[in-house]
């Protein structure tokens, strides 16, 4: 998608934000990658909802050539719910 937006977008103001979450088979951790998108909220039993930690948020897709979006491993715990939003 980054390459398509870099090379084929008709207007410089066209871009996309992205949030990917790859949950491990045991459900206790996840790989998180953000491109100009807010971090998901995690709710755990007995705790206040909080943003998943992610300090490496890259730019939205299509804005900067050769930008990078590091994937970060985050611990989810045993029982949780995630909310992804825009």
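Some values worked out for this structure:
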{"item": "Estimated 222 nm signal from helices in the chain, with DSSP H stretches of n ≥ 4 weighted -39500 (n - 2.57), rounded to 500", "result": "-2000 deg cm²/dmol"}
{"item": "Cα pair distances of the chain binned at 10 Å [whole percent]", "result": "17, 42, 26, 12, 2"}
{"item": "Cut-off 15 Å, label 7 Å out along Cα→Cβ of residue 4, residues of the stretch 56-75 by amide N", "result": "61-63"}
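Every read-out reported here was derived from the displayed coordinates using simple, explicitly stated rules and does not represent laboratory data. Treat the numbers as computed from the prediction; the structure is a model and nothing was measured. When we count neighbours, we look across all protein chains shown, and the Cβ atoms used for this are built from the backbone with ideal geometry, even at glycine.
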